[in-house]
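Notes for the one structure printed next.
The values are calculated or read from the model by the stated rules, or taken from the named source; none is laboratory data. Since the model is a prediction, treat every value here as computed from it, not as a measurement. Heads up, the Cβs are rebuilt from the backbone with ideal geometry, glycines too, and the neighbour counts pull from every protein chain shown. SASA here: full protein model, heavy atoms, side chains in, ligands and nucleic acids out. Shrake-Rupley method; radii C 1.70, N 1.55, O 1.52, S 1.80 Å.
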Amino acid sequence: MKLASLPQLRDGRLIVVSDDLAWYADADHIVPTMQGLLDEWDRHAPYLAALSVELEHEAIPRKRFHEREAAAPLPRAYQWADGSAYVNHVELVRKARGAELPASFLTDPLMYQGGSDDLRGARDPITLADERWDCDLEAEIVVVTGDVPQGVSAAEALGHIRLIGLVNDVSLRGLIPDELAKGFGFVQSKPASHFSPVFATPDSLGPAWGGGKLSLPLHIDVNGRPFGRLAAGEDMTFDFGQLIAHLAKTRRIGAGTIIGSGTVSNRDGDSAMGRPVREGGRGYACIAEQRMVETIRSGAPVTPFLKYGDTVRITAKDAKGHSVFGAIEQEVVAA
(Lines give C-alpha, C1' and ligand atoms only; values in the text may rest on other atoms or scores of the structure.)
Protein backbone atom coordinates (compact mmCIF):
# COMPACT_ATOMS: atom_id res chain seq x y z
CA MET A 1 0.00 0.00 0.00
CA LYS A 2 1.24 3.45 -0.96
CA LEU A 3 -0.02 6.58 0.74
CA ALA A 4 0.33 10.33 0.22
CA SER A 5 -1.14 13.60 1.43
CA LEU A 6 -2.65 16.39 -0.65
CA PRO A 7 -2.46 19.94 0.72
CA GLN A 8 -5.33 20.73 3.08
CA LEU A 9 -5.14 22.78 6.25
CA ARG A 10 -2.03 21.98 8.31
CA ASP A 11 -1.92 18.18 8.17
CA GLY A 12 -2.96 17.40 4.61
CA ARG A 13 -5.63 15.06 3.28
CA LEU A 14 -4.88 11.34 3.12
CA ILE A 15 -5.04 9.49 -0.20
CA VAL A 16 -4.17 5.97 -1.38
CA VAL A 17 -1.89 5.88 -4.44
CA SER A 18 -1.64 3.11 -7.02
CA ASP A 19 1.55 1.06 -7.12
CA ASP A 20 2.63 2.68 -10.40
CA LEU A 21 1.99 6.17 -8.91
CA ALA A 22 -0.42 7.01 -11.73
CA TRP A 23 -3.74 7.10 -9.84
CA TYR A 24 -5.17 7.86 -6.44
CA ALA A 25 -8.33 7.40 -4.44
CA ASP A 26 -9.55 9.63 -1.63
CA ALA A 27 -9.12 8.00 1.77
CA ASP A 28 -10.35 10.75 4.06
CA HIS A 29 -13.73 9.04 4.49
CA ILE A 30 -11.81 6.31 6.35
CA VAL A 31 -9.37 8.56 8.21
CA PRO A 32 -8.71 12.22 7.33
CA THR A 33 -4.95 12.46 7.79
CA MET A 34 -1.77 10.42 7.79
CA GLN A 35 -1.24 11.18 11.48
CA GLY A 36 -4.76 9.98 12.24
CA LEU A 37 -3.92 6.70 10.52
CA LEU A 38 -0.70 6.29 12.49
CA ASP A 39 -2.48 7.04 15.76
CA GLU A 40 -4.92 4.18 15.16
CA TRP A 41 -3.12 1.99 12.66
CA ASP A 42 -4.71 -1.34 13.58
CA ARG A 43 -8.17 0.15 13.21
CA HIS A 44 -7.74 1.96 9.89
CA ALA A 45 -5.00 0.14 7.97
CA PRO A 46 -7.14 -2.90 6.94
CA TYR A 47 -9.75 -0.61 5.36
CA LEU A 48 -7.08 1.36 3.54
CA ALA A 49 -5.46 -1.86 2.32
CA ALA A 50 -8.83 -2.93 0.90
CA LEU A 51 -9.20 0.48 -0.75
CA SER A 52 -5.74 0.05 -2.27
CA VAL A 53 -6.74 -3.30 -3.80
CA GLU A 54 -9.91 -1.77 -5.23
CA LEU A 55 -7.85 1.05 -6.71
CA GLU A 56 -5.46 -1.40 -8.39
CA HIS A 57 -8.43 -3.28 -9.89
CA GLU A 58 -10.13 -0.04 -11.03
CA ALA A 59 -13.16 -1.00 -8.95
CA ILE A 60 -13.64 2.48 -7.48
CA PRO A 61 -13.53 6.04 -8.80
CA ARG A 62 -9.95 7.17 -9.29
CA LYS A 63 -8.12 10.36 -10.15
CA ARG A 64 -4.81 11.08 -11.78
CA PHE A 65 -1.97 11.35 -9.25
CA HIS A 66 0.45 14.18 -9.96
CA GLU A 67 3.53 14.12 -7.74
CA ARG A 68 3.94 17.87 -8.02
CA GLU A 69 0.61 18.36 -6.23
CA ALA A 70 1.50 16.27 -3.18
CA ALA A 71 2.43 17.72 0.18
CA ALA A 72 4.87 15.96 2.45
CA PRO A 73 3.17 12.70 3.50
CA LEU A 74 3.38 14.05 7.05
CA PRO A 75 3.37 17.86 6.74
CA ARG A 76 4.26 18.03 10.42
CA ALA A 77 5.24 15.23 12.76
CA TYR A 78 5.56 14.69 16.49
CA GLN A 79 9.22 13.75 16.07
CA TRP A 80 11.93 13.72 13.39
CA ALA A 81 15.12 11.97 14.49
CA ASP A 82 17.97 11.46 12.06
CA GLY A 83 20.60 8.79 12.53
CA SER A 84 23.92 8.15 10.83
CA ALA A 85 23.61 4.52 9.82
CA TYR A 86 26.23 4.65 7.07
CA VAL A 87 29.40 4.94 9.13
CA ASN A 88 31.43 5.15 5.93
CA HIS A 89 30.10 8.71 5.59
CA VAL A 90 31.21 9.61 9.12
CA GLU A 91 34.63 8.05 8.53
CA LEU A 92 35.17 10.23 5.46
CA VAL A 93 34.15 13.38 7.33
CA ARG A 94 36.73 12.69 10.00
CA LYS A 95 39.45 11.52 7.61
CA ALA A 96 39.20 14.78 5.65
CA ARG A 97 40.24 16.67 8.79
CA GLY A 98 42.84 14.08 9.83
CA ALA A 99 40.84 12.47 12.66
CA GLU A 100 40.39 8.78 13.36
CA LEU A 101 36.99 7.11 13.67
CA PRO A 102 36.30 6.25 17.34
CA ALA A 103 35.60 2.53 17.85
CA SER A 104 32.31 3.35 19.56
CA PHE A 105 30.92 4.74 16.28
CA LEU A 106 30.71 1.16 14.99
CA THR A 107 28.55 -0.03 17.89
CA ASP A 108 26.59 3.03 19.06
CA PRO A 109 24.64 5.01 16.41
CA LEU A 110 24.84 8.78 16.10
CA MET A 111 21.46 10.54 16.14
CA TYR A 112 20.08 14.05 16.43
CA GLN A 113 16.57 15.52 16.62
CA GLY A 114 15.56 17.80 13.78
CA GLY A 115 12.69 20.24 13.42
CA SER A 116 9.43 18.44 12.66
CA ASP A 117 6.97 21.34 12.63
CA ASP A 118 7.63 22.28 8.97
CA LEU A 119 8.16 19.20 6.80
CA ARG A 120 8.08 20.07 3.12
CA GLY A 121 6.93 18.38 -0.05
CA ALA A 122 9.01 16.91 -2.83
CA ARG A 123 8.52 19.83 -5.21
CA ASP A 124 8.84 22.62 -2.68
CA PRO A 125 11.95 24.71 -3.39
CA ILE A 126 14.95 24.77 -1.10
CA THR A 127 14.74 28.29 0.34
CA LEU A 128 18.20 29.66 1.07
CA ALA A 129 18.84 33.10 2.55
CA ASP A 130 22.60 33.20 1.94
CA GLU A 131 24.70 31.16 -0.50
CA ARG A 132 27.68 31.59 1.84
CA TRP A 133 26.01 29.13 4.22
CA ASP A 134 27.12 26.29 1.87
CA CYS A 135 23.82 24.55 1.14
CA ASP A 136 24.05 20.79 0.65
CA LEU A 137 21.65 17.98 -0.18
CA GLU A 138 21.54 14.77 1.85
CA ALA A 139 19.66 11.86 0.27
CA GLU A 140 18.38 9.42 2.89
CA ILE A 141 15.89 6.65 3.60
CA VAL A 142 13.26 7.26 6.29
CA VAL A 143 10.82 5.10 8.22
CA VAL A 144 7.72 6.15 10.15
CA THR A 145 6.81 4.28 13.33
CA GLY A 146 3.71 3.51 15.29
CA ASP A 147 3.86 3.66 19.08
CA VAL A 148 7.09 2.04 20.30
CA PRO A 149 7.64 0.96 23.92
CA GLN A 150 10.68 2.04 25.90
CA GLY A 151 13.53 -0.47 25.84
CA VAL A 152 12.38 -2.26 22.69
CA SER A 153 14.92 -4.63 21.13
CA ALA A 154 16.23 -4.06 17.63
CA ALA A 155 14.40 -7.16 16.37
CA GLU A 156 11.12 -6.12 17.98
CA ALA A 157 11.49 -2.57 16.69
CA LEU A 158 11.13 -3.69 13.08
CA GLY A 159 7.53 -4.67 13.80
CA HIS A 160 6.71 -1.08 14.69
CA ILE A 161 7.69 0.34 11.28
CA ARG A 162 4.58 1.46 9.43
CA LEU A 163 5.89 3.34 6.39
CA ILE A 164 9.06 3.86 4.36
CA GLY A 165 10.11 6.74 2.11
CA LEU A 166 12.86 9.18 1.12
CA VAL A 167 14.07 12.53 2.40
CA ASN A 168 16.39 15.31 1.31
CA ASP A 169 17.73 16.36 4.70
CA VAL A 170 19.15 19.71 3.63
CA SER A 171 22.24 20.92 5.50
CA LEU A 172 23.94 24.30 5.70
CA ARG A 173 27.54 23.17 5.98
CA GLY A 174 28.90 26.66 6.60
CA LEU A 175 26.91 26.96 9.83
CA ILE A 176 27.61 23.49 11.24
CA PRO A 177 31.12 23.99 12.71
CA ASP A 178 30.17 26.93 14.95
CA GLU A 179 27.02 25.17 16.16
CA LEU A 180 28.85 21.94 17.00
CA ALA A 181 31.58 23.92 18.75
CA LYS A 182 28.95 25.05 21.25
CA GLY A 183 28.44 21.40 22.20
CA PHE A 184 24.65 21.54 21.92
CA GLY A 185 23.88 20.17 18.45
CA PHE A 186 22.27 21.37 15.23
CA VAL A 187 19.65 24.13 15.01
CA GLN A 188 20.22 26.80 12.35
CA SER A 189 22.36 24.51 10.20
CA LYS A 190 19.45 22.09 9.66
CA PRO A 191 16.63 23.87 7.77
CA ALA A 192 13.38 22.22 6.62
CA SER A 193 13.63 18.67 5.25
CA HIS A 194 11.85 17.60 2.04
CA PHE A 195 10.12 14.22 1.69
CA SER A 196 9.18 11.95 -1.20
CA PRO A 197 5.62 12.35 -2.54
CA VAL A 198 4.67 8.83 -1.41
CA PHE A 199 5.40 6.61 1.58
CA ALA A 200 4.95 2.83 1.26
CA THR A 201 4.16 0.04 3.71
CA PRO A 202 6.94 -2.53 4.21
CA ASP A 203 4.87 -5.39 2.74
CA SER A 204 4.33 -3.46 -0.52
CA LEU A 205 8.08 -3.36 -1.20
CA GLY A 206 8.53 -7.12 -1.48
CA PRO A 207 12.15 -8.34 -1.40
CA ALA A 208 13.42 -4.74 -1.54
CA TRP A 209 12.66 -4.49 2.19
CA GLY A 210 14.27 -6.92 4.61
CA GLY A 211 16.34 -6.93 7.77
CA GLY A 212 15.48 -3.30 8.41
CA LYS A 213 17.13 -2.16 5.18
CA LEU A 214 15.85 -0.87 1.84
CA SER A 215 17.70 -2.67 -0.95
CA LEU A 216 17.00 -0.35 -3.86
CA PRO A 217 19.24 1.83 -6.03
CA LEU A 218 19.11 5.48 -5.02
CA HIS A 219 19.47 7.90 -7.94
CA ILE A 220 20.63 11.46 -7.24
CA ASP A 221 21.01 14.10 -9.95
CA VAL A 222 22.33 17.63 -9.53
CA ASN A 223 21.57 20.09 -12.32
CA GLY A 224 20.37 17.22 -14.50
CA ARG A 225 23.61 15.25 -14.27
CA PRO A 226 24.14 11.96 -12.38
CA PHE A 227 25.65 12.65 -8.98
CA GLY A 228 24.86 9.40 -7.13
CA ARG A 229 23.86 5.89 -8.17
CA LEU A 230 24.01 4.27 -4.76
CA ALA A 231 22.95 0.92 -3.32
CA ALA A 232 20.88 1.87 -0.27
CA GLY A 233 20.97 -1.63 1.21
CA GLU A 234 24.77 -1.90 1.21
CA ASP A 235 27.30 -0.53 3.71
CA MET A 236 24.55 0.26 6.24
CA THR A 237 26.22 -0.30 9.60
CA PHE A 238 23.00 0.05 11.61
CA ASP A 239 19.63 -1.14 10.29
CA PHE A 240 16.42 0.67 11.15
CA GLY A 241 15.64 -1.76 13.97
CA GLN A 242 18.88 -0.72 15.66
CA LEU A 243 18.19 2.98 15.07
CA ILE A 244 14.71 2.71 16.60
CA ALA A 245 16.03 0.72 19.56
CA HIS A 246 18.68 3.39 20.09
CA LEU A 247 16.06 6.14 20.23
CA ALA A 248 13.79 4.09 22.50
CA LYS A 249 16.49 3.14 25.01
CA THR A 250 15.30 5.63 27.63
CA ARG A 251 11.81 6.65 26.47
CA ARG A 252 8.74 5.68 24.51
CA ILE A 253 8.40 6.73 20.87
CA GLY A 254 5.08 8.20 19.75
CA ALA A 255 3.16 7.17 16.63
CA GLY A 256 4.15 9.31 13.68
CA THR A 257 7.84 9.52 14.57
CA ILE A 258 10.06 9.78 11.47
CA ILE A 259 13.54 8.26 11.71
CA GLY A 260 16.20 8.88 9.05
CA SER A 261 19.08 6.67 7.99
CA GLY A 262 21.54 9.51 7.60
CA THR A 263 23.33 10.15 4.32
CA VAL A 264 23.53 7.01 2.18
CA SER A 265 27.17 6.19 1.50
CA ASN A 266 28.87 3.30 -0.32
CA ARG A 267 32.43 2.10 -0.18
CA ASP A 268 34.39 1.42 -3.37
CA GLY A 269 35.80 -2.06 -2.85
CA ASP A 270 38.28 -1.81 0.02
CA SER A 271 38.29 1.98 -0.12
CA ALA A 272 35.95 4.12 1.98
CA MET A 273 36.21 6.99 -0.46
CA GLY A 274 34.09 5.88 -3.37
CA ARG A 275 34.34 7.41 -6.84
CA PRO A 276 32.26 9.99 -8.69
CA VAL A 277 29.69 8.67 -11.17
CA ARG A 278 31.63 10.27 -14.03
CA GLU A 279 34.60 8.05 -13.11
CA GLY A 280 32.52 4.89 -13.13
CA GLY A 281 31.77 4.88 -9.39
CA ARG A 282 28.53 4.99 -7.47
CA GLY A 283 28.98 8.63 -6.58
CA TYR A 284 27.62 10.30 -3.48
CA ALA A 285 24.42 11.30 -1.67
CA CYS A 286 25.75 14.68 -0.53
CA ILE A 287 28.17 17.24 -1.91
CA ALA A 288 30.23 17.32 1.28
CA GLU A 289 31.25 13.70 0.80
CA GLN A 290 32.50 14.33 -2.73
CA ARG A 291 34.39 17.37 -1.43
CA MET A 292 35.93 15.22 1.33
CA VAL A 293 37.19 12.73 -1.23
CA GLU A 294 38.61 15.57 -3.35
CA THR A 295 40.37 16.95 -0.27
CA ILE A 296 41.85 13.57 0.65
CA ARG A 297 43.01 12.92 -2.92
CA SER A 298 44.32 16.32 -3.99
CA GLY A 299 44.42 18.50 -0.89
CA ALA A 300 41.47 20.76 -1.72
CA PRO A 301 37.77 20.45 -2.62
CA VAL A 302 36.59 21.33 -6.13
CA THR A 303 32.84 20.65 -6.27
CA PRO A 304 30.82 23.73 -5.18
CA PHE A 305 27.89 23.61 -2.80
CA LEU A 306 24.41 24.43 -4.10
CA LYS A 307 23.74 27.90 -5.51
CA TYR A 308 20.58 29.74 -6.49
CA GLY A 309 19.04 28.08 -9.55
CA ASP A 310 20.66 24.69 -8.94
CA THR A 311 18.38 21.66 -9.08
CA VAL A 312 18.31 18.39 -7.13
CA ARG A 313 16.49 15.15 -7.98
CA ILE A 314 16.31 12.11 -5.70
CA THR A 315 14.44 8.88 -6.40
CA ALA A 316 14.63 5.15 -5.61
CA LYS A 317 13.96 2.74 -8.48
CA ASP A 318 12.75 -0.85 -8.62
CA ALA A 319 14.15 -3.66 -10.77
CA LYS A 320 12.21 -2.37 -13.79
CA GLY A 321 13.52 1.16 -13.35
CA HIS A 322 10.24 2.55 -12.02
CA SER A 323 10.19 5.14 -9.26
CA VAL A 324 8.97 3.58 -6.02
CA PHE A 325 8.22 6.63 -3.85
CA GLY A 326 8.08 9.30 -6.53
CA ALA A 327 10.84 11.85 -7.01
CA ILE A 328 12.07 14.69 -4.87
CA GLU A 329 12.68 17.46 -7.45
CA GLN A 330 13.75 20.87 -6.21
CA GLU A 331 15.33 24.15 -7.15
CA VAL A 332 17.38 26.30 -4.79
CA VAL A 333 15.76 29.74 -4.50
CA ALA A 334 16.46 32.89 -2.52
CA ALA A 335 14.50 32.99 0.74
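Has segment 158-169 got any residue that is open to solvent by 10 Å² or more (accessible area, probe 1.4 Å), assigned to a helix (DSSP H, G or I) and not aliphatic (A, V, I, L, M)?
yes
For segment 37-53: of the residues being among the small types (Gly, Ala, Ser) and open to solvent by 20 Å² or more (accessible area, probe 1.4 Å), which is farthest from residue 75 (Cα to Cα)?
Of everything passing the filter in segment 37-53, 50 is farthest from residue 75 (Cα to Cα).
What pairs can you find where one residue is in segment 230-244 and outside any loop (DSSP other than H, G, I, E, B), the other is not hydrophobic (A, V, I, L, M, F, W, C), and their Cβ atoms are less than 6 Å apart, with a gap of 6+ or different chains?
As it stands, the answer is 230/266; 230/282; 231/266; 240/212; 241/212; 243/83; 243/109, since those pairs meet every condition given.
Suppose the filter is surrounded by fewer than 21 Cβ atoms within 10 Å (Cβ to Cβ) and in a helix (DSSP H, G or I); does residue 295 pass it?
Yes; evaluated as a whole, the condition is true for this residue.
List the residue pairs whose Cβ atoms are under 8 Å apart, where the first residue sits in segment 43-71 and is of a type in the set (Phe, Trp, Tyr), the second is outside any loop (DSSP other than H, G, I, E, B), and the two are 6 or more positions apart or on different chains.
Here the result reads 65/4; 65/15; 65/17; 65/23; 65/24, each pair linking segment 43-71 to a residue that is outside any loop (DSSP other than H, G, I, E, B).
Pairs please, first residue from segment 200-223 and assigned to a strand (DSSP E or B), second anywhere and of a type in the set (Ser, Thr, Tyr) and modelled with pLDDT of 95 or more, Cβ atoms under 6 Å, 6+ apart in sequence or on different chains.
The qualifying pairs are 219/315.
Which one is surrounded by the most Cβ atoms within 10 Å (Cβ to Cβ) among residues in segment 2-26 that are of a type in the set (A, V, I, L, M, F, W, C), touching an Asp or Glu at 6+ places or on another chain (Cβ under 9 Å) and assigned to a strand (DSSP E or B)?
So the residue we want is 4.
Mind checking which residues of segment 126-145 are over 27 Å from residue 238 (Cα atoms) and crowded, with 17+ Cβ neighbours inside 10 Å?
Listed by number, the residues that qualify are 126, 128, 133, 134.
(1) touching a strand residue (DSSP E or B) at 6+ places or on another chain (Cβ under 9 Å); (2) closer than 30 Å to residue 331 by Cβ; (3) without any contact (Cβ under 8 Å) to a residue 60 or more places away in the chain: which one isn't true of residue 301, the others all being true?
Among (1) touching a strand residue (DSSP E or B) at 6+ places or on another chain (Cβ under 9 Å); (2) closer than 30 Å to residue 331 by Cβ; (3) without any contact (Cβ under 8 Å) to a residue 60 or more places away in the chain, residue 301 violates only (1).
Check 48, 55, 37 and return the single one that is of a type outside the set (Ser, Thr, Tyr), assigned to a helix (DSSP H, G or I) and touching a His at 6+ places or on another chain (Cβ under 8 Å).
Just one listed residue meets the conditions, 37.
What residue, among those in segment 100-125 that are hydroxyl-bearing (Ser, Thr, Tyr) and closer than 28 Å to residue 310 by Cβ, is most open to solvent (accessible area, probe 1.4 Å)?
112
Pick from segment 192-207 the residues that are hydrophobic (A, V, I, L, M, F, W, C) and closer than 22 Å to residue 13 by Cα: which of them is surrounded by the fewest Cβ atoms within 10 Å (Cβ to Cβ)?
Selected residue: 192.
Any idea which residue in segment 299-322 is most open to solvent (accessible area, probe 1.4 Å), counting only those that are at positive phi and over 22 Å from the mean Cα position of the chain (by Cα)?
Checking each candidate, the answer is 299.
Filter segment 286-335 down to the residues that are acidic (Asp, Glu) and out of contact with any His (no Cβ under 7 Å at 6 or more places or on another chain), then identify the one that is farthest from residue 21 (Cα to Cα).
For segment 286-335, the residue satisfying everything is 294.
Which members of segment 118-139 meet the condition of being within 25 Å of residue 265 (Cβ to Cβ) and of a type outside the set (Asp, Glu)?
Those that are within 25 Å of residue 265 (Cβ to Cβ) and of a type outside the set (Asp, Glu): 119, 120, 122, 126, 128, 133, 135, 137, 139.
Tell me the residue from 225, 282, 252, 267 that is in contact with a Pro (Cβ under 7 Å, 6 or more places away or on another chain) and open to solvent by 20 Å² or more (accessible area, probe 1.4 Å), please.
When all the criteria are applied, what remains is 252.
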